[in-house]
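The values are calculated or read from the model by the stated rules, or taken from the named source; none is laboratory data. Since the model is a prediction, treat every value here as computed from it, not as a measurement. Here Cβ is always computed from backbone atoms with ideal geometry, including for glycine, and neighbour counts include all displayed protein chains. The protein model used for the area step is the full one, side chains on, heavy atoms only, and it has no ligands, DNA or RNA in it. Shrake-Rupley method; radii C 1.70, N 1.55, O 1.52, S 1.80 Å.
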Amino acid sequence: QVQLVESGGGLVQAGGSLRLSCVASGRMNNLAAMGWFRQAPGKQRELVASIAANGFKDYADFVKGRFAISRDNAKNTLYLQMNSLNPEDTAVYYCNLVLLRGQFWGQGTQVIVSS
């Protein structure tokens, strides 16, 4: 079984920064990708950023230039550095892990950006 535990969310003013972390544990062979998704109230969950097993990174257009995804393999930890936050970034942020046998989700961490 795989467990993903996010942390780092909170309340921040517009223009501020936060760094989210996701610690992964369990059997994670055949890793395909890891990523961050978010879901705002009344909206569908959407991809924010992903990093493939080969290190290729991809970002949603609405975060390009502001967010950065990274991974520390030694610590089994995924990060999302979020800069220049705006109220539209308010959402629950979820860590996602994709293996050959399936995908797994964390419980989410709330990010609130005040104007």
Subject >> Selected residue (criterion: nearest to Gln110 (Cα to Cα)) from residues of the range 59-86 that are charged (D, E, K, R) and assigned to a helix (DSSP H, G or I) >> reply: Asp61
Original post:
Given the residues Leu18, Leu47, Leu31, which is the only one that is more than 22 Å from Arg101 (Cα to Cα) and touching a strand residue (DSSP E or B) at 6+ places or on another chain (Cβ under 7 Å)?
Top reply: Leu18
Original post:
If you take the residues in the range 72-108 that are among the charged types (D, E, K, R) and either farther than 16 Å from Arg19 by Cβ or surrounded by fewer than 18 Cβ atoms within 10 Å (Cβ to Cβ) (or both), which one is modelled with the highest pLDDT?
Top reply: Glu88
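Kindly check whether there is at least one residue in the range 29-52 that is acidic (Asp, Glu), surrounded by fewer than 18 Cβ atoms within 10 Å (Cβ to Cβ) and within 13 Å of the chain's Cα centre (by Cα).
Checking the range 29-52: at least one residue is acidic (Asp, Glu), surrounded by fewer than 18 Cβ atoms within 10 Å (Cβ to Cβ) and within 13 Å of the chain's Cα centre (by Cα).
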Subject >> Residues that are open to solvent by 30 Å² or more (accessible area, probe 1.4 Å), closer than 23 Å to Pro87 by Cβ and within 18 Å of the chain's Cα centre (by Cα), drawn from the range 5-17 >> reply: Ser7, Gly8, Gly9, Leu11, Ser17
Original post:
Any chance the range 15-24 includes a residue that's in contact (Cβ under 8 Å) with a residue 60 or more places away in the chain and of a type in the set (D, E, K, R)?
Top reply: yes
**OP:** Report, by residue number, each residue of the range 53-107 that is in contact with a Gly (Cβ under 6 Å, 6 or more places away or on another chain) and among the β-branched types (Val, Ile, Thr).
**Re:** Val92
